[in-house]
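Every read-out reported here was derived from the displayed coordinates using simple, explicitly stated rules and does not represent laboratory data. Not measured: the values here are computed from a predicted model. Positions of Cβ are backbone-derived with ideal geometry, glycine not excepted, and every protein chain shown enters the neighbour counts.
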Amino acid sequence: MRKKIVAGNWKMNKLVGEATELATAVKRSLADKTDVEVVLCPPFTVLKTVGDIIANTQVKLGAQNMHWEKEGAFTGEVSAGMLRDLFCHYVILGHSERRQFCHETDAVVNRKVKAALTANLTPIVCVGELLEQREANQTEEVVTNQVLKSLAGLDETGFRRTVIAYEPVWAIGTGRTASPAQAQEVHALIRRVLAKMSNPGAAQAVRIQYGGSMKPSNAKELLSQPDIDGGLIGGAALDAAAFVEIVNAAG
Ligand code: 13P
C-alpha cells in the first residue's frame, strides 16, 4: 500500500510573518497526522522559519528547487546539502514554472534528481503537458518523454523513493482541474512507463501526486482514483483550512 502524500507548494508567496502564521495553523491541525505524509514547501527565505515551527511533528519540510552541484561559484543557487542542513526532506524539481520561466530541461532535472537522492533528499519530480499539446493529442508522448528523461539512470532504491507529480500545465492556477478520469488515465500511463524503466514492483511503490487546481471540493474524488497517491497543492495550500481539508480528504 502506498502512503498518500500531500505537499503544499507555496511558490513565491509568504513573508516571514505570514509564513509563521500559516505554518503554525497547519501544525495545529496536522502535527500528529500519520496516515498521510504532509509536506510544506515554502520559499527558501522562510525554510528555517517554517522548519523550526514544524520540528518534532509529523509535518515535513521541502524546498521548491535546488542546484545539482554540491557547492561553488553558482551565484544565487542553493545546494542539496544546504537544504539538508535546514532539515528539508523533500525538494520539488522540474516544476512547469521552472521549465517555462527558467528554461529547465529534462536533462537538468535529471541531474538535480540524482544530486537530491545522493544527498538523501526525496525529489518530487513534476511532469505535465501544455494545453496545446493536450489538444494535439500529444499528452502521452510528452509525459512519457519527461518521465523517461527526468528519471533516467536511477538505481532501484532511488527510483522507488522518488515521488512524481503529474501537473497538467493547463490546470495550474487556472481553476480548471483535470477530471478524475483524465488524471487517472495519465497516472496509469506514468506507472506503465515506470514499470518499463525498472520493474512492476518498483513502479507499484512509486507515489504519483496530482497537481493543478486541487481544492477541498475536488480533492476527494481525485484522490480516490487507483493511481493518484496524493496532491501537490498550489493556491489552496496558502490557506491553512483549505490545505488541512485536502490532507484530510487523503486519509
Ligand atoms: P495550483 O494548485 O495553484 O493550481 O498550483 C498547482 C501547482 O503548480 C503545484 O505545484
Average silhouette area of segment 103-251, convex hull of alpha-carbon atoms, in square nanometres: 8.8 nm²
Placed amide H near E37: partners under 5 Å, 5+ positions off or other chain: K4, I5, V6
5 angstrom amide H check on A165, placed H, neighbours 5+ away: V125, C126, V127, Q209
Cα centroid of segment 63-83 to Cα centroid of segment 133-147, whole Å: 30 Å
Proximal lysines relative to K48, as straight alpha-carbon distance under 29 Å, when same-chain residues fewer than 8 apart are discounted: K3, K4, K11, K14, K27, K33, K60, K70, K112, K114, K215
Charge dipole magnitude, Cβ of K and R +1, D and E -1 - the chain, Cα centre, debye nearest 20: 440 debye
Karplus (6.51, -1.76, 1.60) ³J(HN,Hα), θ = phi - 60°, over segment 210-215, in Hz, Gly and Pro reported as x: 9, x, x, 6, 6, 8
J(HN,Hα) series, segment 13-18, from Karplus relation 6.51 cos²θ - 1.76 cosθ + 1.60, nearest Hz, glycine and proline x: 9, 5, 7, 3, x, 5
Size descriptor, Kirkwood hydrodynamic radius, that averages inverse alpha-carbon separations across segment 170-251, Å: 13.1 Å
Phi-based couplings in Hz for segment 223-232 (Karplus 6.51, -1.76, 1.60; Gly and Pro marked x): 6, 8, 6, x, 9, 9, 10, x, x, 10
222 nm mean residue ellipticity, helices alone, for the chain (DSSP H n ≥ 4; -39,500 (n - 2.57); rounded to 500): -13000 deg cm²/dmol
Ellipsoid equivalent to segment 1-63 - semi-axes via the Cα gyration tensor, in Å: 20, 13, 9
Gyration tensor (Cα) of the chain, equivalent ellipsoid semi-axes in angstrom: 25, 22, 17
Amide proton proximity set for V91, modelled H, under 5 Å, gap of 5+: A63, T122, I124
Computed FRET value (nearest 0.05) for K196 with E69, which takes r as the C-beta separation and R₀ as 30 Å: 0.45
